[in-house]
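The values are calculated or read from the model by the stated rules, or taken from the named source; none is laboratory data. Since the structure is predicted, the reported quantities are computational estimates derived from the model, not experimental observations. Cβ: placed from backbone, ideal geometry, glycine included. Neighbour counts: every protein chain shown. The accessibility values were calculated without ligands, DNA or RNA, using every heavy atom of the protein model including side chains. Shrake-Rupley method; radii C 1.70, N 1.55, O 1.52, S 1.80 Å.
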Amino acid sequence: MPELFPQGWQHYLVGGLLLGAGMSLLFLATGLIGGMSTVFTTVWSFFSSAPYFREERFMSSRQWRIVYALGIVLGALAWRLASGDAFVTHVPYWQLAAGGFIAGYGARLANGCTAGHGICGMASLQPASILAVLTFIATAMITANLVRAFA
Amino acid sequence: MSAARSAFILASGALFGFGLALSTMVKPEVVLDFLRLRDMGLLLVLGGAVAVTFAAYRLGPRLLGKPLAGGAFLKHPSEMAARTIAGAALFGVGWGLSGVCPGPAIANLGTGDWPVAIALAGMIAGAYVQGRVAKLE
């Protein structure tokens, strides 16, 4: 039987608890739900007058979402400085570009990603989010394995 | 936005970003290893995060009444609709191709894994196209 956690398991669990703590602090302090992909739509409201980007739900949340994203960058930077880990990915650029585009489009169509549906939606036991998570894990597994087989 | 509210939002993001980096889910290779069933770590990350957030969402409103820095407790608006599932299916294809999802795409600006910025640019472009073709509510 293959090992479940060849890199060890502690950092996974501690990291998960910490990012849950971030999501929880956001909720307890401000009542906000810390989904991630919406920021990609709300930043366009600063540059585009297309009506979709100007919807109330995006206009009213565009400021805090930028502050939240900035916090994520700073937290990750703190880890980088503390750990000294200078990892750089070897995933081919075309996969990053095409995958990023499809993931961005899909997350906004679904109104949530691994954070919004995966953490926030599942933590509030919403059936649509649970179904969304099962769906994207399935298509991601199929895609990742096809890429390994053919790319 | 009040100063206290902004500070809480920034601190929440920082905790989230630090946890994401510590969990190594910011590394596309680690995500792809999960998707190829070589390392089940992502389940511990997701499980740990959901457990803590579940407790906060359940207990917060009951114990606090209203958020510490004012405002109201909101709810994640998940819609049981075809677009949710179609979008999730597409999202998974992109995630499985790149190994990058939105949180890590943003966090890697801090860790210095610069090629991931290509995925971030792709996501911002994807969100633009989605917004331009979307039906208005």
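Helices that extend 15 Å or more along their long axis by alpha-carbon positions and average at least 1.0 on the Kyte-Doolittle scale are, among the DSSP H runs of chain B, B:3-22, B:41-64, B:82-98, B:116-133. Here the Debye sum runs over all C-alpha atoms of chain A as equal scatterers in vacuum, and log10 of I(q)/I(0) at q = 0.17, 0.19 Å⁻¹ comes out as -1.36, -1.57.
Bridgeable aspartates and glutamates around B:LYS27 (alpha carbons under 16 Å apart, same-chain partners fewer than 8 residues away excluded): A:ASP85, B:ASP39, B:ASP113.
From its DSSP helices (H runs of at least four residues, each -39,500 (n - 2.57)), chain B gives a residue-normalised ellipticity at 222 nm of -23500 deg cm²/dmol. Computed over chain B, the convex hull of the alpha-carbon atoms projects to a mean area of 10.4 nm². As a fraction of the 1.4 Å probe accessible area of chain A, surface on carbon and sulfur atoms comes out at 71 percent. Computed from Cα atoms alone, the Kirkwood hydrodynamic radius reported for the protein assembly as shown is 18.4 Å.
Putting +1 on Lys and Arg Cβ atoms and -1 on Asp and Glu Cβ atoms, find which of A:MET36, B:HIS76, B:ALA49 reaches farthest to the positive end of the dipole of the protein assembly as shown. About the Cα centre, the residue reaching furthest to the positive side is B:HIS76. The smallest convex shape that holds all Cα atoms of region A:64-151, its convex hull, gives 135 Å³ per residue.
Since only A:MET122, A:ILE137, B:PHE91 are under comparison, the one whose Cα sits farthest along the positive direction of the charge dipole of the protein assembly as shown, derived from C-beta charges on Lys, Arg, Asp and Glu, is A:MET122.
Excluding ligands, DNA and RNA and using a 1.4 Å probe, chains B and A jointly bury around 10200 Å² of accessible surface, summed across both partners.
Of all lysines in the structure, the ones whose alpha carbon falls short of 24 Å from that of B:LYS66, not counting any fewer than 8 places away in one chain, are B:LYS75. Region A:99-151 and region A:30-81 have Cα centres lying 19 Å from one another. Anyone know which of A:THR42, A:THR114, A:THR89 comes out most mobile in the 10 Å Cα GNM of chain A? It is A:THR89.
Of interest is the spacing of the C-alpha centroids, which for region B:8-52 and region B:75-133 amounts to 15 Å. Take the Cα of A:GLN63, go 7 Å toward its beta carbon, and the backbone nitrogen atoms of region B:1-45 under 16 Å from that spot belong to B:1-10. In terms of accessible area, using a 1.4 Å probe and ignoring ligands and nucleic acids, A:GLU55, B:GLU79, A:GLU3 rank largest first as A:GLU3, B:GLU79, A:GLU55. Note that chain B presents 40 Å² accessible area per residue, ligands and nucleic acids not counted, probe 1.4 Å. A helix-only calculation puts chain A at -20500 deg cm²/dmol for mean residue ellipticity at 222 nm, using -39500 (n - 2.57) for each DSSP H run of at least four residues, averaged over all residues.
You can think of it this way: the chain between B:LEU43 and B:ALA82 has 11.4 nm of extra reach, that is 0.36 nm per residue less the Cα-Cα gap. Projecting label points 7 angstrom from Cα along Cα→Cβ for B:ALA117 and A:PHE150 puts them 3.2 nm apart.
Spin-label model, A:TRP9/A:LEU125: points 7 Å from Cα along the beta carbon direction are separated by 2.6 nm. The fraction of accessible area contributed by carbon and sulfur in chain B is 70 percent, rounded to a whole number (1.4 Å probe; ligands and nucleic acids excluded).
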